[in-house]
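All remarks here apply to the structure that follows.
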């Protein structure tokens, strides 16, 4: 599943893809922009950042949600323990 939005700063893109070991989530944040990302997860260890580590900062994990702050760039996460 994928979607996007043409903002005043550029295109914001997001997509999920089912893989054998979980879901891969990709997001693009346009230049001069930041975003807050929430991913549903049964446990924190079930979410791994694969691409974009230099622009992402872990904020918190509570109530079944992992929260990251994202600078402009492209990110890829793998989620193996999604909240149903």
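The values are calculated or read from the model by the stated rules, or taken from the named source; none is laboratory data. As the structure is a computational prediction, the values presented were derived from the model and not from experiment. No Cβ is skipped: glycine too gets one built from the backbone with ideal geometry, and neighbour counts run over all protein chains shown.
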Legend entry - Subset tally (residues that are under 18 Å from residue 80 (Cα atoms) and either touching a helix residue (DSSP H, G or I) at 6+ places or on another chain (Cβ under 7 Å) or without any contact (Cβ under 8 Å) to a residue 40 or more places away in the chain (or both)) for segment 39-59: 10
Legend entry - Residue check, residue 25 under 21 Å from residue 1 (Cα atoms) and either outside any strand (DSSP E or B) or in contact with a strand residue (DSSP E or B) (Cβ under 8 Å, 6 or more places away or on another chain) (or both): yes
Inset, instruction - Identify the single condition in (1) surrounded by 15 or more Cβ atoms within 10 Å (Cβ to Cβ); (2) over 14 Å from the mean Cα position of the chain (by Cα) that residue 19 does not satisfy, given that it satisfies every other one. - result: (1)
Inset, instruction - Consider residue 49 carefully, then state whether it is under 12 Å from the mean Cα position of the chain (by Cα), modelled with pLDDT of 95 or more, in a strand (DSSP E or B) and closer than 16 Å to residue 12 by Cα. - result: no
Legend entry - Residue check, residue 36 touching a residue at least 40 places away in the same chain (Cβ under 8 Å), out of contact with any helix residue (DSSP H, G or I) (no Cβ under 8 Å at 6 or more places or on another chain) and either part of a strand (DSSP E or B) or under 20 Å from residue 4 (Cβ atoms) (or both): no
